[in-house]
Amino acid sequence: MRAVVFEHEEHEGPGLLGPALEAAGFTLVRRFRTVRREDVDAPLVVVMGGPMGVYEADAHPFLKDELALLGERLASERACVGVCLGAQLLAAAAGAQVSPGKNGFEVG
């Protein structure tokens, strides 16, 4: 089984999720700031974090491709996991409004 992992920073991979997914029988397919059409049919998509926000998609065009693919996956009830930015992307793909915090710079 394939687990496609969307990564947004070179130094931010799947971390401890990687070995756990492999132990569960998944083969990791890592994508760095790119989406492939076949990813929509993967048994699992994991969307990792990054320093940008989902609301900055104009400055980071690859986020638009991820949002489109995640929207398709959610519509067909396929499994997705989001970590940090990944959770923002999943929320936005599901129709939620995602915006910066009101108290200034935030981490995590």
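The values are calculated or read from the model by the stated rules, or taken from the named source; none is laboratory data. What you see is a predicted model, and the numbers here were worked out from it, not measured in a lab. Neighbour counts are summed over all protein chains in view; Cβ atoms, including those assigned to glycine, are modelled from backbone coordinates with ideal geometry.
Which ones in the stretch 25-51 are in a loop (DSSP other than H, G, I, E, B) and either farther than 19 Å from A94 by Cα or touching a Ser or Thr at 6+ places or on another chain (Cβ under 6 Å) (or both)?
The initial filter retains those residues of the stretch 25-51 that are in a loop (DSSP other than H, G, I, E, B), namely 25-26, 33-36, 42-43, 48-51.
Answer for the stretch 25-51, where residues must be in a loop (DSSP other than H, G, I, E, B) and either farther than 19 Å from A94 by Cα or touching a Ser or Thr at 6+ places or on another chain (Cβ under 6 Å) (or both): G25, F26, R33, T34, R36, G50, P51.
With respect to the numbered conditions (1) within 17 Å of E7 (Cβ to Cβ); (2) crowded, with 16+ Cβ neighbours inside 10 Å; (3) touching a helix residue (DSSP H, G or I) at 6+ places or on another chain (Cβ under 7 Å); (4) not aromatic (F, W, Y), which one is the sole condition not fulfilled by A93? Among (1) within 17 Å of E7 (Cβ to Cβ); (2) crowded, with 16+ Cβ neighbours inside 10 Å; (3) touching a helix residue (DSSP H, G or I) at 6+ places or on another chain (Cβ under 7 Å); (4) not aromatic (F, W, Y), the lone unmet condition for A93 is (1). For L63, the requirement of being part of a helix (DSSP H, G or I) and either in contact with a strand residue (DSSP E or B) (Cβ under 8 Å, 6 or more places away or on another chain) or modelled with pLDDT under 95 (or both) is not met. One residue alone among V54, V46, V5 is buried (at least 20 other Cβ atoms within 10 Å of the Cβ) and modelled with pLDDT under 95, and that residue is V54. Being out of contact with any His (no Cβ under 8 Å at 6 or more places or on another chain), surrounded by fewer than 18 Cβ atoms within 10 Å (Cβ to Cβ) and within 20 Å of V5 (Cβ to Cβ) holds for only one residue in P100, P61, and it is P61.
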